[in-house]
1. Within the chain, what is the longest stretch that has no GluC sites (Glu not before Pro) placed in a DSSP loop and near at most 13 other beta-carbon atoms within 10 Å?
2. Could you order peptides 434-444, 307-317 by the average number of other Cβ atoms within 10 Å of their residues, highest first?
3. Check cross-link reach from Lys90 to the aspartates and glutamates: straight Cα distance under 12 Å, and skip same-chain residues fewer than eight apart.
4. Only loop residues by DSSP count here, and only those with at most 13 other Cβ atoms within 10 Å; note down the trypsin sites (Lys or Arg not before Pro) in region 352-400 that meet that.
5. Please give the peptides 78-90, 421-433 ranked by average Cβ packing (other Cβ atoms within 10 Å per residue), highest first, as a rough proxy for protection.
6. Gain in length, Thr430 to Met244, computed as 0.36 nm per residue apart minus the alpha-carbon separation, to one decimal in nm?
7. Alpha carbon centre of region 332-361 versus region 103-149: separation in Å?
8. Show the residues, 5+ positions off or on another chain, whose built amide H is closer than 5 Å to the amide H of Met222.
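Coordinate-derived values only; no laboratory data. As the structure is a prediction and not an experimental result, all values here were calculated from the model. All Cβ positions, even for glycine, are placed from backbone atoms using ideal geometry, and neighbour counts span all protein chains on display.
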Amino acid sequence: MCSDAGAVINVDGISKFFEIYSKPSHRLWQMAFRGRRCFYEPFWALRDVSFDVRRGECVGIIGRNGAGKSTLLQVITGTLAPSSGNVDVKGRVAALLELGSGFNPEFTGRENVYLNASILGLTREEIDARFDDIAAFADIGDFIEQPVKSYSSGMVVRLAFAVVAHVDADVLIIDEALSVGDAFFTQKCMRFLRRFIAERTALFVSHDTAAVNSLCSRAILMENGRIKQIGSPKEVTETYLKDMYEAHQGSSAPTDEAAGAEVAGDTESAAAPEEFRDMRADFINASNLRNDIQVFAFNENSEAFGKKGATIVDAVLLDAENHPLNWIVGGEPVSLRITVQAHKDIFGPIVGFFCNNRLGQQIFGDNTFLVYRDKPVFLRAGQKLSASFSFTMPILEVGDYSFSVAVAEGTQEEHVQHDWKHDALLLRSTTTSCHTGMVGIPMKQISLNVI
Ligand SMILES: Nc1ncnc2c1ncn2[C@@H]1O[C@H](COP(=O)(O)OP(=O)(O)OP(=O)(O)O)[C@@H](O)[C@H]1O
């Protein structure tokens, strides 16, 4: 293939086979015969794979289990030699491949930071200067002084990501690492990745089509060791989902039909509910499709920015009687109460929130500005203010979510941000009826009419 002169990564006709032996003894024979006879069957994990990645691109690689994604990344990072073809990568490459594969389990976190960062090209002085930032990013407390073998998988990925985020890499290669961390950490990584790929280059393997669509500028679909499609993330993830759907179609169909039959029952009587409520709510909430959402306590130490003329001291979800909730159900009414402490006089406070999914995509949010536009509130230093938002909780897909909360002063267009707390309130959706789109909207009415 003709390579692109501006490419940071050039993958040119890569093929890779693994030697598959039917008996362990054949491996010994193979060594003894030194290639004069062949005792293995070649298994082609990659066949004639070619593509370029330019600076400023983030390319997502998706495909079913065994499609060859990890093998491809290992060939690109140089941990695996290709059987044929060439790879050329310009600049410093930092990779997060198999979980913790770069760590020595007997060494402490601190020792592994020094080991890994020096392998990635930093001098001892550079690592000394960055160590505190790396430890703060990993946020694993005193575990940094413990051997890595005592870490949970989440801690390993935190430390590994913290190292690669601080080595001034030109190219970042990530293999599914983000699926291991918790929601706070995933969002911190996402914020870092967005900044990183604005200027540099990343390759990102994932089964998560939302992550690929959110982060990547291009995507590659792998199938049986070959490239099936290269294109926009949207096009490529659509093909991937279509392939997955076709492969699994048989098994999921009866469940959908069962739910549909119940719902379609009596559309006339359910046509005009007195309150806004999904017409299927009773059926859904009595089944394992109920959208159970665990609510964690307000995290006052979450990452924050702002001038701190006022700070947010609490955020809580409440029921209709103003009782704090640690469990809510998607599709049901709920209130979010945000409490602000003023440290100076604030004229015209605006309090708002965003609900983010685990990729940091803002899926919904609101603020108090429009309601108080013509009657701004005056808050004196030392006073507290409570802002309340009552709404119907959308139905969330299974996964981790967070509320970011903020207080500003001024107008929608021109304001001073006093306190923006990322991920102040964590939610975990454990079961759901929502499998398409970013959230499910409760449906007031659904009907079928033969006309
Ligand atoms: N060392 C090895 N020896 C033999 N076969 C291997 C080896 N490593 C990978 N394979 C095979 O190569 C194929 C591609 O594997 P690879 O791990 O690259 O797939 P993948 O797309 O990353 O899959 P997954 O999504 O499950 O991680 C698989 O069929 C796998 O079994």
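1. Values: sites that count: Glu106, Glu268, Glu274, Glu275, Glu300, Glu321, Glu413, Glu414.
Longest stretch, sites excluded: 107-267.
2. Numbers: 434-444: 14.6, 307-317: 19.4.
Most protected by this proxy first, the peptides run 307-317, 434-444.
3. Asp52, Asp170
4. Numbers: sites: Arg358, Arg373, Arg380, Lys384; in loops: Arg358, Arg373, Arg380.
Loop-located and lightly packed - Arg373, Arg380.
5. On the way: 78-90: 14.9, 421-433: 20.6.
Highest mean packing first, the order is 421-433, 78-90.
6. On the way: separation 186, 0.36 × 186 = 66.96 nm, distance 2.27 nm.
So the extension gain works out to 64.7 nm.
7. So the two Cα centres are separated by 36 Å.
8. For Met222, the qualifying residues are Ile62, Gly63, Lys228.
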